[in-house]
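We did not get these values from a lab; they are worked out from the coordinates using the rules stated. It should be emphasised that the depicted structure is a prediction, and the values quoted were computed from it without experimental measurement. For neighbour counting, all protein chains shown are included, and Cβ atoms are generated from backbone atoms with ideal geometry for every residue, glycine included.
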Amino acid sequence: MAHRPWLQLAFVIGEAALTLVSGGVLFIIISHVSGPEVLGTYALALAWLALFLGVSSFGIPEYILREAGAHGRDAAGAVINAMSMGVGSVFVAICLMLITVRFLGYSAHVVQVITVTSLALIPAFLNTSCRSVFVAQRQMHLPFMAAVVEAAIMIPASLYLLFSGYGAVALMIAFVVAKVASASFSGVQMFRRVLPVWPDLDPHMLFQTAWTVLTFGIGNMLGMLSLRINVIMVSLWADITTVGHYAAATKIMEIGLIISQVFAPLLLSRMAHNFSAKGNRDPNCFGAWYEVLFAIVVPPCVGVWVFAGLILETLFGTAFGEAVWILRILMVYVLTETADPVMSVILKAAHRQRQDALCLAFNLLTNIGLNLALLPVIGPIGVAIGRVAGGGVSATLRHLLIAQVLTPVNWFHFARKPALISLIAGLVCFSLLDVERPAWLLLFYTVVVLVSLWISSSFSFSTIKDMMSFPSAAD
């Protein structure tokens, strides 16, 4: 398919929408149909899956993204070697996952759900790795079609199972089947269209790839631990209903992270190309990209903070009202997690993944330390505080490292317009929550922010076009 930037953008938006529907909307339906207990079990199983997927994949998808972005189809050998190592690592992870959950005191039902979920590890890894190649080559229609395949199986099957009275085990079986189908489609498309020539496995190249992937893997493991450890720690200190409340707030947070998760791979492939092919190692060259990112992320974060109660009650029901302050604190985390992954991308593109992993280690240590200190005292709110503090620590360290090894980046300069607009509109709406109907205030906030961003020229469509262009065409 020709590299038409706006068409590629449409596929990116479509993939994000399918992710939102298959993940976020399904969470909402589970909360209404089956309640916090089933939602908590479902969310806990997905947290274990994401944790072991992050650990076992060893940062290979990010490594593939960098190599394919910098060298194009010439990186086929590195891609195949890295994926081969990843499959072996995931097999080991399945065994470790099944052993670990049996020693943590979970009920037999929860263990059964997590056991079924572990079967999705291999297809999830293959899907993510193939997506890295597609994104690097700006073949965004392929991950979109893979998402369509997955959603077409998972959503109807999950809805049927929910309304037929089945529980979390059946939901996870549908989840695994959908992942297998999606991974099969992605694998076929990658070797038929993107990397049509299968390179030979070279032991020397395999060793070199393993050594490079090691540092990616350490950083990826730490990042996934920091992101998923919170739900697991709540499950060890509280009942499954409390896990459901925390999971509801976390799901809204994860929806907020979709933008940065889509943005980071696009930036990594382009920045790796600039650093390698063009020799331009100044991260400020992508300032227009950062401005677009903050313009998209900051206003929704402030809006969710102000209208947290309305959003939780509307989406999940009145039983989830206790999660209001958890959600508000997690919105602060979304803000830090918008800049933090971008800094990580800059360091990885500059082949500074070892230092990046060290910064992330402090994130995890801070997160776990505050979890242990605050969870027994103030419950899930303490877990949310630990997550925010961990993200703040790693963002600060990465910022200082970039200033030292590359060029200083003034992140507040790129975020100031959407931040000021959102804060002013948010303060007005928050002060009127007890006077005016929240739904009307939410509409007012949305209109004011959008109009103000347009007037202040905080959103550049030409920059979005540049993001979706193939690197050689953008030079």
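So, in nm, how far is label Arg437 from label Leu7 when the simple model puts each one 7 Å beyond its Cα toward the Cβ? Inter-label distance under the simple model: 4.4 nm. When log10 I(q)/I(0) by the Debye sum over Cα atoms at q = 0.09, 0.14 Å⁻¹ is calculated for this entry, the matching label among [x] -0.73, -1.27; [y] -0.69, -1.42; [z] -0.59, -1.58 is [z].
How big is D for the stretch 84-149, in µm² s⁻¹ as a whole number, if Stokes-Einstein is applied with the Kirkwood radius of its Cα pairs at 25 °C and 0.890 mPa s?
Taking Rh from Cα pairs, D becomes 180 µm²/s.
Length gain on complete extension for the stretch Cys95 to Ala152, per 0.36 nm per residue less the alpha carbon to alpha carbon distance? Before the final figure, lay out the partial values.
Working: separation 57, 0.36 × 57 = 20.52 nm, distance 2.96 nm.
Gain in length upon complete extension: 17.6 nm.
Using alpha carbon centroids, what distance separates the stretch 230-264 and the stretch 283-350, in Å? The stretch 230-264 and the stretch 283-350 have Cα centres separated by 13 Å. One chain, two ends: Ile455 and Thr241. Fully extended at 0.36 nm per residue, the span grows by 72.5 nm beyond their Cα-Cα distance. For the stretch 372-416 and the stretch 142-174, compute the distance between their C-alpha centroids and round to whole Å. The stretch 372-416 and the stretch 142-174 have Cα centres spaced 35 Å from each other. Can you tell me how much longer the chain between Val169 and Leu372 gets when fully stretched, taken as 0.36 nm per residue apart minus their C-alpha distance, in nm with one decimal? The Val169-Leu372 span can extend by a further 70.0 nm. Rounded to the nearest 20, the size of the Cβ-charge dipole of the chain about its Cα centre is 640 debye, with Lys and Arg at +1 and Asp and Glu at -1. Remark: spin-label model distance Val21-Arg354 equals 4.7 nm, labels positioned 7 Å along the Cα→Cβ axis. In the chain, the calculated helix contribution to ellipticity at 222 nm averages -27500 deg cm²/dmol per residue, counting -39,500 (n - 2.57) for every DSSP H run with n ≥ 4.
Mean separation of Cα pairs under 8 Å and 6+ residues apart, divided by the residue count of the chain: what relative contact order is that in percent? That works out to 21 percent.
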